[in-house]
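The values are calculated or read from the model by the stated rules, or taken from the named source; none is laboratory data. These figures come from a predicted structure and were not determined experimentally. No Cβ is skipped: glycine too gets one built from the backbone with ideal geometry, and neighbour counts run over all protein chains shown.
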Amino acid sequence: MLQFPPPSGRWHIIDRLRRAAKALPFAIKAKRRLDAAVARRWGADARYAAWAARHSPGPQEWARMAAEIAAMAEPPLISVVMPVYETDPRWLGAAIRSIQAQVYPHWELCLSDDASTRADVRAMLAEAAAADGRIKVHVRPERGHISANTNSALALASGEFIALVDADDELPPDALYWIAREILAHPDVDMIFSDEDKIDAKGRRFGPYFKGDWSPALMLGQNAFSHLGVFRRALVAAAGGLREGFEGAQDHDLALRCAELTEPARIRHVPRVLYHWRALPQSTATAPEVKPYAWQAGRRAILEHLARRGITAEVEPGVGGFYQVRYARPEEWPLVSIIVPSRLGAVARRSLEALLAGSTYPRFEVLLAVGAGDAARPEAAAHLAALGGDERVRVVAYERTPFNYSWVNNHAAREARGDYLCFLNDDVTPITPGWLEEMVLRARLPGVGAVGAMLYYPDDTIQHAGVILGIGGVADHAHRHVRRGSPGYFGRAALDQDLSCVTAAAMVMPRRLFEALGGFDEALPCAFNDVDLCLRIRRAGQRILWTPQAELYHHESLTFGPHDSPERTEQFRKDVAEMRRRWAAELDADPFYNPNLSRDIRRQWQVAG
């Protein structure tokens, strides 16, 4: 059984001070100072060590789990499938013991040895099987590599569900309990995955990956399913098991193929660290580049997955060793109506010129939604006159006051001719000339209701990489102020992904869907109208995608003023209250942002607590 090393004496003092600080009147400032001191001295891994120690089950929790297990009428049998090949007995023994130490007893361990030449490996397997009737061992007569070897282990399984575990990794003692609990709570579940961390040769845990829920788009950039991966055995059989020729990415390939045979609602995520991935010098846990063939295998798995879905694409290397999908261009692009509410100030005029000159999309119209008073200003009137010769631009005038973002966009959308609408702030300028192509390519994918873009501040730090619900009470932009080019949290600032929401400062969606949903809610005139729309899109069963392949600069709120300007503070407060009234449950449980991560605006992607 893996035991987390106890904190050092200094850590004990720091932890006690942190806890005490919570009870003091100056708790927030004190906690920030202590967090900063800890970060400077020990770093993120030390913060995680303290967090993991605090969240380890105590005697009462273990007793509660045991009682719950004893009361299960039909506890599912979980077959732990473990391929073995020349594994160091230190790690193999630790892996086997971690299964035997499970508080949930209804498991079997299916081991297949891929013709190892080490006598100590074979002896250990034989001894384990002799000592525990739940352990089954198969010895292959010749080496077949990991896919064939895993299939041999799979052939031993009799459980309704299988869990894939590598022979040098470990499970915490409560791992299978939480998996069984999920199965019983959701009897139709087909696939389950958990959070994971790494463990070094001394048993120290580090590098936790706190994942979001199932994201088909993110799976095209990385194996976000990974460890601990659990499958309904019948589903794996229907998929044909693991495929030879995909060694190094065989589990990524399996997850993609199994996902094609089920529904997203039947793929569940347990937001707990239920897997410790051994970080050794020749392990991809330490350095993915030690197995370059694995990247190529993953590329083929993604390409074949897309081909089975009828999607033509190429897969290229992405930031941080991840994958980047390049979708094939259509023979004919759909017409896109770009809706730009504007007062036609100096920044807006320059941005509009940059939009028209710097966008390569072949079929778009720009609908400039301008108030009558603004349009009459001499500099604005002169600019509109100069645009008169550009057939791509139409002016949609209105006289309504005060400014209502939702109403203005709805008003302009009624004049749109395009099959797709692109909502764009008038202080946004393109960086990548093909920004609109990238967004439309994704908006055309089946089941996609809206697509958002990567927005940067002028200083080349991120302004928007999607939206996280619940941060700051309602929502905030992901990876705000992270430097351009950074992969962010486990690649989340560099990879296409499903999200709950994206900003309407640059958003593309089908016009038909926008109309069916009634457009933006005009009762939200100031803030969060895009969050509300995205939540309604998801409630309608459509996906929200964000892509970093569409890059633009955003000179935030230069036209209509920031939400905290004096004239808008009261309306902003009302919008917050209204969003909490409508969507509190959704705002407090963003499926694409792990509940173990902080909701503090200043501590995005950091472990909570």
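For the stretch 325-335, which residues satisfy the criterion of being of a type outside the set (Gly, Ala, Ser), surrounded by fewer than 18 Cβ atoms within 10 Å (Cβ to Cβ) and more than 16 Å from THR360 (Cβ to Cβ)?
Result: GLU331, single match.
Which ones in the stretch 565-594 are under 23 Å from the mean Cα position of the chain (by Cα), surrounded by fewer than 15 Cβ atoms within 10 Å (Cβ to Cβ) and part of a helix (DSSP H, G or I)?
ALA584, ALA585
Restrict the check to the stretch 95-102 and report whether at least one residue is surrounded by 15 or more Cβ atoms within 10 Å (Cβ to Cβ) and among the charged types (D, E, K, R).
The answer is no, given that none of the residues of the stretch 95-102 is surrounded by 15 or more Cβ atoms within 10 Å (Cβ to Cβ) and among the charged types (D, E, K, R).
Going by the conditions given, is ASP419 within 29 Å of TYR457 (Cβ to Cβ) and surrounded by fewer than 20 Cβ atoms within 10 Å (Cβ to Cβ)?
In short, no.
Across the stretch 354-370, what is the total count of residues that are part of a strand (DSSP E or B) and more than 21 Å from ARG329 (Cβ to Cβ)?
Of the residues in that region, 5 qualify.
From ALA313, ALA386, grab the single residue that is assigned by TED's automatic domain parsing to the domain that holds ASP426, farther than 19 Å from ASN410 by Cα and out of contact with any Asp or Glu (no Cβ under 6 Å at 6 or more places or on another chain).
Within the list ALA313, ALA386, the selection yields ALA386.
Confirm whether PHE161 is among the hydrophobic types (A, V, I, L, M, F, W, C), in the same structural domain as LEU125 (by TED's automatic domain parsing), at pLDDT below 95 and over 20 Å from PRO89 (Cα atoms).
no
In the stretch 336-353, what residues are of a type outside the set (Ser, Thr, Tyr), crowded, with 16+ Cβ neighbours inside 10 Å and on the phi < 0 side of the Ramachandran plot?
VAL336, ILE338, ILE339, VAL340, PRO341, ARG343, GLY345, VAL347, ALA348, ARG349, LEU352
Could you list all residues from the stretch 307-324 that are farther than 14 Å from LEU256 by Cβ and either out of contact with any strand residue (DSSP E or B) (no Cβ under 9 Å at 6 or more places or on another chain) or not in a loop (DSSP other than H, G, I, E, B) (or both)?
Scanning the stretch 307-324 gives GLY310, GLU314, GLU316, PRO317, VAL319, GLY320, GLY321, PHE322, GLN324.
Do we have any residue at all in the stretch 358-379 that's in contact with an Asp or Glu (Cβ under 8 Å, 6 or more places away or on another chain) and closer than 30 Å to THR312 by Cβ?
yes
Any idea which of (1) crowded, with 18+ Cβ neighbours inside 10 Å; (2) acidic (Asp, Glu); (3) over 26 Å from VAL315 (Cα atoms) is the one ASP213 doesn't satisfy?
Failing condition for ASP213: (3).
Going through the stretch 470-527 one residue at a time, which ones are at pLDDT 95 or above, part of a helix (DSSP H, G or I) and more than 21 Å from LEU436 (Cβ to Cβ)?
Passing the criteria: TYR489, PHE490, GLY491, ALA516.
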